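Report on one structure; see the data block that follows.
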Amino acid sequence: MEKQIYFDHAATTPVDKRVLEKMIPFFTETFGNANSQHAFGRSAMKAVDEARDGIAKLINAKPSELYFTSGGTESDNWAIRGVANAYKNKGKHLIISPIEHAAMITTAKALEKEGFEVSFMQVDGEGFVNLEHLKSIVREDTIFIGCMMANNEVGTIEPIKEIAKIAKSVGAVCFTDAVQAAGVLDIDVKDLGVDMMSMSSHKIYGPKGVGALYIRNGLKVESILTGGHQERMKRGGTTNVPGVVGFYEAFKLAIADREKNFEYVSSLRDRFIDRVLAEVPFVKLNGPRENRLPANADFSFKFIEGESILFSLDLAGIAVSSGSACSSGSLEPSHVLLALGLPEELAHGSIRFSFGKHNTLEEVDYAVETIKSAVQRLREMSPLFKAEGDIKYV
Ligand code: PLP
């Protein structure tokens, strides 16, 4: 097969042509600085205001509660650091899940060095947060509870409403990272009961380098990017007008086609999971079968390194990722799979397949056949497999 097959939509997605068309005039014609006080600036700001109003409506927030950022990483950083700095006189205890994105975990670890105390919620073997454990670790001085809405590696969808209630019971700020969930799951910040939420445009067929942070009105949050008067004095930096316009268009399209895409992508994912489980021996599906993102299938292949499968699939024209795309390139086992209780060798042997609206059943079937032969060939070379080859892994 000559064609390249892309099964890495959790890492990023191609920009939808309709999104690109909306963006182009904002590079060349309506190019003004949105904060300039002349007609060029006003035209640019009009587009930014429209995007802010529109996105806010889609998440049931007010426009004044939405701040544009450079993406999920900045939004996550801003959420935890902004709350930590604003509420440090009330308390210094922060709680996050152990399966958060590196943007959150790394920032929490940095805050630990600055004098904050960080506790981790427990998750079960499928990645679901243990609410009873969370109730047992919240304290009077807990100021921040952060949990992603859906995990980027194993696809687990978390019980955010319940987590928000627990946060409220101690007066802590509840934050959710909705980078993988926005445009895919129903997101209503009021219904969820969260105080803050991050989103990113490039996961939903929008441009890279733009996202947003929802901050409930009335919440005190310190800035992390200080500079000019942009974003109502809360986030300095010249507004990425084409990016914001593209983000809005992508989000609008994602919501308009949400049910259709959900059904289609999950049908590809289900076919893939069913076939891999039935036809590839010694394989473990990571994450749950239900309450999982529609696009996600994450497997550990026993006796083989994830990287060697990734390279074999790449040679066959199939793009996937090992562990988290954001940390691939490092040879560390996945922190998510370790938190789920997987032994190191399985946490090393995982591959994430994430499907998209342009994928086809034919591509899925081709991938299964390719995986079957790649896995068999790699296992034949594995001394571990020869020693344990007759024992079926469950
Ligand atoms: N949070 C989650 C759950 C993600 O999956 C990602 C990206 O993979 C991010 C945050 C970071 O977002 P961005 O790439 O926009 O910085």
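The values are calculated or read from the model by the stated rules, or taken from the named source; none is laboratory data. Because the structure is predicted, anything quoted here is derived from the model rather than measured. Backbone-built Cβ (ideal geometry, glycine too); neighbour counts: all protein chains shown. Accessible surface is based on the protein model in full, side chains and every heavy atom, while ligands, DNA and RNA are left aside. Shrake-Rupley method; radii C 1.70, N 1.55, O 1.52, S 1.80 Å.
In segment 125-143 there is no residue that is within 13 Å of R81 (Cα to Cα), modelled with pLDDT of 95 or more and open to solvent by 10 Å² or more (accessible area, probe 1.4 Å). Checking each residue of segment 240-248 against the condition of being in the same structural domain as V154 (by TED's automatic domain parsing), of a type in the set (S, T, Y), within 16 Å of the ligand (Cβ to nearest atom) and assigned to a loop (DSSP other than H, G, I, E, B) gives no match.
For segment 61-76, the criterion of being over 30 Å from E114 (Cα atoms) and in a loop (DSSP other than H, G, I, E, B) is satisfied by at least one residue.
Would you confirm, using the coordinates I've provided, whether A167 is crowded, with 24+ Cβ neighbours inside 10 Å, within 16 Å of the ligand (Cβ to nearest atom) and not in a loop (DSSP other than H, G, I, E, B)? Judged against the criteria, A167 is not a match. Taking segment 182-210 as the range and being among the polar types (S, T, N, Q) and either farther than 18 Å from M104 by Cβ or surrounded by fewer than 24 Cβ atoms within 10 Å (Cβ to Cβ) (or both) as the test, only S201 passes. Taken as a whole, segment 31-44 holds at least one residue that is crowded, with 22+ Cβ neighbours inside 10 Å and away from the ligand (no atom under 16 Å from the Cβ). The set of residues in segment 176-202 that are near the ligand (Cβ under 10 Å from one of its atoms), out of contact with any helix residue (DSSP H, G or I) (no Cβ under 8 Å at 6 or more places or on another chain) and either within 21 Å of E21 (Cβ to Cβ) or not in a loop (DSSP other than H, G, I, E, B) (or both) contains only H202.
Has segment 88-102 got at least one residue that is open to solvent by less than 10 Å² (accessible area, probe 1.4 Å), away from the ligand (no atom under 15 Å from the Cβ) and part of a loop (DSSP other than H, G, I, E, B)? The answer is yes; a qualifying residue exists. Condition first: within 19 Å of M197 (Cβ to Cβ) and within 16 Å of the ligand (Cβ to nearest atom). Can you find one or more residues in segment 129-139 that meet it? The answer is yes; a qualifying residue exists. For P207, indicate whether it is in the same structural domain as E50 (by TED's automatic domain parsing), within 30 Å of S43 (Cα to Cα) and part of a helix (DSSP H, G or I). Considered against the rule, which asks whether it is in the same structural domain as E50 (by TED's automatic domain parsing), within 30 Å of S43 (Cα to Cα) and part of a helix (DSSP H, G or I), P207 comes out as no. Would you confirm whether or not segment 211-226 contains a residue that is open to solvent by 40 Å² or more (accessible area, probe 1.4 Å), of a type in the set (V, I, T) and more than 16 Å from the ligand (Cβ to nearest atom)? The answer is yes; a qualifying residue exists.
With respect to V265, is the statement that it is in contact with a Lys or Arg (Cβ under 9 Å, 6 or more places away or on another chain), more than 16 Å from G71 (Cβ to Cβ), open to solvent by 30 Å² or more (accessible area, probe 1.4 Å) and of a type in the set (V, I, T) true?
Judged against the criteria, V265 is not a match.
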